[in-house]
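Here is the structure we will look at, set down as C-alpha cells.
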Amino acid sequence: MTSTSLHPTPSSRTVATEQFRAVGLALRTEMILFICALILFSALIIGNTIHGVQTHPPEHWRTGFTYGAPVATPLFLMALLIPFGVWRAEDPSRRAYHWSMPVARGPHTIAKVFAGWAWLMIAAAVYLLFVVALALILPTITGEVSRFGDAAVWEWIVAFTAPTLGYLLTSIAVIGSDHAWRWVGGLYIGYWVLIGCLFAFGMQDAAQAVRTITDGAYGLNAAMIGAGRDAASVSSAHMMVRGLSMSNWLIAMPLWLVGSGIAVTIASYRHRE
Amino acid sequence: MTSCLPTRLRDGELAVDTRGITKRFGDQVALNDVTLQVPTGAVYLLVGPNGAGKSTTLKVLLDLVRAEKGTAEVFGLDTRERAPEVRANIGYVPERPDWGYGWMRVGRLLEHHALYYPTWDPNYAARLAQKFELRLDRKMGVLSKGQARRVHLTMALAHRPPLLLLDEPTDGLDPFMRDETLGVIADHLAESPTTVVLSTHHVEEVEGLADHIGVLRNGELRAQMSRDDLNANLRRYRVEVPDGWSGVAALNGTVLRRVAAPREVQWTVWGPEAEIVQKLSGSGGTVREVVPLSLIDATLALLNPND
C-alpha cells in the first residue's frame, strides 16, 4: 500500500445534481426555442380562434381542440433530437473528458442520460400545461363545452412515456456511435426503402411483416401513443388502422422502453477508447 | 549490440507501477511490455519521439485506454479495477486542446470540475486563474491552444492531486507564459507533495525539475533511471587517436553514440567511467575529455536509434 494520503471520489448525489445542472445549461438554447415555439403556437391558435368567432357565426366555428394521446407525438419527435444536445460535441471519440472524471464510466454516462431525461420530462410537463391551458381557454372563446377531460388516464401518461421512448432510442446511437446522425437517418430511410422495395417486387406479405416494427400491434406507434393494427391482420394486405388501444400500449410501451433502456445501458458500459 | 541500459528502478515506494503493459491499435503496437516505475514524490520525465507511446501510457493510467496485457497500478490501486479512485488522485493535462466542454464558459467549466474533486481548493484555483490570466467569461471552444492549456493546468492543479500527469503541458504557450507555467509547477511541487509524470519535447525546460527519466521508443521502454544514475553513468569521451588506429575491441558499457573526426573520436557511453577510460587508453587512444551530459543531450543519446 501507499503512504500517500489519497483523495476521495465525489458523492453520487453531487455528480447527479451537477449533471442535471450542466445538461440544463447545454440544453438552454433548445429549451428557450421550445418555450418560444409553444407561446407562438398558442398565440396563433388563440388569435385565430378570436378572429374566427368575430367573423363567423358561433355555430360555424368550432375548434374541437382537446387532449388525446396523439397530442404527444410532437413531444416524441422533439425527444428524438434531445440526446444530440445532451451530448453536444461529445461523440465517443471526443468523450475523454467525461470519462476521465473520478466516477465509474457506466454510471456516469447513465447519470448524464438521466439528467437529459429529467429535463425532457420538465419540457413534457410544460407542453402539457400549454395544451391544457389551450383546451380550457378556447371553449371560453367559442362557447364550446371543454372536452379535454374526456381523455383517459393512460393518454396523459403517454405525454411522458412517448418522449422517454424517443429519447432512449436516439440516445443509443448518440452514446454508442461517432456517427449518430447516420445511424438514426440511415435506419429511418433504410426502413422505408426496404418496405418500398418489398412492395415493388410484389412481396406484400414480407413488407407487411416488416411494417409491424412501426405499425404492428406492439410496434413503435403502439408503444408511443397506443396506435397500431390488429395483430391478426398484420400479415394481411387489407389491414385496417385501429383506433387508439390502451391494451396494446400497455404491452408495447414497457417492451420498447425496457428494450431501449437495456440498449442504452449496454452502450453506456461499453469501454470505448 | 545488447543494451545494458537500466529499465528497472531500485526498490522504493512507487506511485506508478506498470508491469508489462502491451497495447495495440489494429496492427500498430502502441506499447510493448512497458514496465514504468515512478517513485512517490518523483518528477519523472517521459521522453520519446512522436508516436513512441507516451500519451498512450498516460491514458492507460487513467483507464482511458486499456492494455491487452499487463497491469497498471497508481498508489497501489489497479487502474482498471479501481479507476474512479485512481482518477480522483490524478491531475491530468492532456495533449489535445479540445478537453472539457467547448460550449461551456471557462468559469463554469472550473466550477463543474471542482464539484467532481472534493479536495478542490477554490482560493488556489482563483490564484492560478489570475496567474494564468484566464478569461472566465470566454467559451472553451473559442480559446487558443495556449489559453486552453492554461485552463487545463488550473483544472489539474487546483485539487492538489497526489499525482500529476502532464502531457506536453507547455505546448502552445508563448515563451513568457511557458516560463510562468514552469514556475507555477515548481511552486506547486514545493507547496504540495506531488508525484509528476511529465511528457514533453521541450526537455531543456524541465532540466531543473526532473529527477527521473524514462525513454520510450516504438512503444518500448528503452531505459528508465534516476537523474543521479544518469549523471553517474552517462559520459561523453573525447579521445585523440593516432594515425592508423585500429579501434577499441570492446568498451565496458553501452555505446550510445560514436562520432569520428580526423584523429579524434567521441563516444557517448553508458557505463563505469574508470573502466571505460582504461579501455580507451589501453587501445592506444588518449582520453582528452570526459564530460557528463545535459538532460537534453542525454535524452538525445538515449533515443539514439543506432543503439
Sort A:214-224, B:94-104, A:254-264 by the packing proxy (mean of other Cβ within 10 Å over each peptide's residues), most packed first.
A:214-224, B:94-104, A:254-264
Out of B:29, B:233, B:209, whose Cα points farthest toward the positive end of the dipole of chain B (charges: +1 Lys, Arg; -1 Asp, Glu; placed on Cβ)?
B:29
Rounded, prolate or oblate (a/c below 1.5 giving rounded, otherwise prolate when a/b exceeds b/c) for chain A by Cα gyration tensor
oblate
If each DSSP helix of 4+ residues adds -39,500 (n - 2.57) and the sum is divided by the residues in chain A, what number results at 222 nm, nearest 500 deg cm²/dmol?
-23000 deg cm²/dmol
Inter-chain shielding metric for B:98-104, i.e. average beta-carbon neighbours from other chains within 10 angstrom, reads 5
Mean residue ellipticity at 222 nm from the helices of chain B, using -39,500 (n - 2.57) per DSSP H segment of n ≥ 4 over the full residue count, to the nearest 500 deg cm²/dmol?
-8500 deg cm²/dmol
DSSP loop trypsin sites (Lys or Arg not before Pro) in segment B:196-277 with at most 13 other Cβ atoms within 10 Å of their Cβ, which ones?
B:263
Distance-filtered residues of segment B:264-288 - backbone nitrogen under 15 Å, label point 7 angstrom along residue B:4 Cα→Cβ:
B:269-280
Per-pair calculated FRET efficiency, R0 = 41 Å: residue A:93 and residue B:33 via Cβ, rounded to 0.05:
0.90
Lys/Arg +1, Asp/Glu -1 at C-beta; chain A dipole; positive extreme among A:188, A:271, A:261:
A:271
Pull up the cross-link candidates among the aspartates and glutamates for residue B:139, meaning alpha carbon to alpha carbon under 13 Å and not fewer than 8 places away within one chain.
B:98
Could you tell me the center-to-center distance, by alpha carbons, between segment A:140-155 and segment B:99-152 in angstrom?
52
For segment B:14-226, what is the percent of antiparallel DSSP beta bridges, rounded to the nearest 5?
55
Of A:97, A:113, A:217, which is farthest along the charge dipole of chain A in the positive direction, counting Lys and Arg as +1 and Asp and Glu as -1 at C-beta?
A:97
Could you size up the charge dipole of segment B:229-302 around its Cα centre, putting +1 on the beta carbon of Lys and Arg and -1 on that of Asp and Glu, and report it in debye to the nearest 20?
120
How crowded by other chains is B:73-82, given as the mean number of beta carbons from other chains within 10 Å of each beta carbon?
2
Let me know the charge dipole size of chain A about its Cα centre in debye, to the nearest 20, where only the beta-carbon of Lys, Arg (+1) and Asp, Glu (-1) is charged.
640
For chain A, longest principal axis from Cα atoms; helix A:204-215 axis from its Cα atoms; angle between them, nearest 10 degrees, is 80
Three-way shape label, chain B, alpha-carbon gyration tensor, a/c 1.5:
prolate
Between the modelled labels at residue B:189 and residue B:136 (7 Å from Cα along Cα→Cβ) the distance in nm is 3.0
To make sure I understand the rule: partners must be lysines, Cα under 18 Å from the Cα of residue B:23, and not fewer than 8 residues away in the same chain. Which ones qualify?
B:54, B:59, B:69
Just to confirm my numbers, what's the Cα centroid distance between segment B:172-244 and segment B:49-79 in Å?
20
Kindly express, to the nearest 10 degrees and within the range 0 to 90, the angle between helix B:106-116's C-alpha long axis and the longest C-alpha principal axis of chain B.
90
Would you work out the charge dipole size for the protein assembly as shown about its Cα centre, treating the Cβ of every Lys and Arg as +1 and the Cβ of every Asp and Glu as -1, and quote it to the nearest 20 debye?
760
What does the highest-first list of B:160-168, B:127-135 look like by mean Cβ count within 10 Å?
B:160-168, B:127-135
Trypsin sites (Lys or Arg not before Pro), restricted to segment A:1-83: which are DSSP loop and have at most 16 other Cβ atoms within 10 Å?
A:62
Within a Cβ distance under 11 Å of residue B:89, other residues only, what is the Lys/Arg minus Asp/Glu net charge?
+2
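Values quoted throughout were computed directly from the atomic coordinates according to the rules given, and no laboratory measurement underlies them. Just so we're clear, the structure is a prediction, and the values are computed from it rather than from any experiment. With ideal geometry, Cβ positions are generated from the backbone for all residues, glycine too; neighbour counts draw on all protein chains shown.
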